[in-house]
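The next block holds one structure in the form of structure tokens; read it before the comments.
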Amino acid sequence: MARYGNPGAVEWVESGGGPLIAVPEAVLLSWSGADSAEPETDYDRACGVEDYAGLVDVDRSRALVLGDEPASTSFLPEHGVFVRWCAGESEEELLGSVDAALADAAWESEQGWDVPGPVFLFDAAWPGGELEPENHLRVELQPGRYGVRGAYAEPNPQTSLILVQLRRLR
């Protein structure tokens, strides 16, 4: 987990090069990442997501794949959004541009995601049972159905980010 700002700044998760994934805690141990004897691994399935956000089956649930690029990512609960740092002079500048980015974003189609509770965000290559304190972020989500949509935004000439917004439906 990376921290770019002063103490109290948000925590960021990074990838070794592939997509990040948010796996529900209830099925975390079912995610095998790149470790599998099957011809197609869970990681392969996550890499198949071509949009900013997509869903893949994990046991009796679904996980949210944050596709497109392996950008440092955090979750801002006050906005219900995963923020992916593509370009920006500083963490402060990037986080300060989120409201403008949300207002001007050209969103992809929304998908429905049934969430059984908290999720863990981490590099999709990692098996869910092998997470370490520094390589994941636990995101507190209430059980229910969420609308998920992604967008790329450039709120100013120096800042670009990908947003993956979660909107509680029920």
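State whether the residues of the range 154-167 include one that is in contact with a Phe, Trp or Tyr (Cβ under 7 Å, 6 or more places away or on another chain), surrounded by fewer than 14 Cβ atoms within 10 Å (Cβ to Cβ) and at pLDDT 95 or above.
Checked against the condition, which is being in contact with a Phe, Trp or Tyr (Cβ under 7 Å, 6 or more places away or on another chain), surrounded by fewer than 14 Cβ atoms within 10 Å (Cβ to Cβ) and at pLDDT 95 or above, the range 154-167 yields at least one hit.
If you scan the range 53-82, which residues turn out to be among the aliphatic types (A, V, I, L, M) and over 23 Å from Asp114 (Cβ atoms)?
Ala71
Would you mention how many residues in the range 115-145 are aromatic (Phe, Trp, Tyr) and in a strand (DSSP E or B)?
Total meeting the criteria: 2.
Contact list please: Cβ distance under 6 Å, first residue in the range 133-161 and closer than 17 Å to Pro19 by Cα, second residue of a type in the set (Ser, Thr, Tyr), pairs at least six apart or on different chains.
Every condition considered, the pairs that remain are Gly150/Tyr52.
Output the residues belonging to the range 61-74 that are farther than 22 Å from Glu91 by Cβ and at pLDDT 95 or above.
Once the filter is applied, which keeps residues that are farther than 22 Å from Glu91 by Cβ and at pLDDT 95 or above, the range 61-74 yields Ser61, Arg62, Ala63, Leu64, Val65.
Would you pick out the residues in the range 115-124 that are buried (at least 19 other Cβ atoms within 10 Å of the Cβ) and not β-branched (Val, Ile, Thr)?
Result: Phe120, Leu121, Phe122, Asp123, Ala124.
The values are calculated or read from the model by the stated rules, or taken from the named source; none is laboratory data. None of these values were measured; they are calculated from a predicted model. Note: ideal-geometry Cβ built from the backbone for every residue, glycine included; neighbour counts use all protein chains shown.
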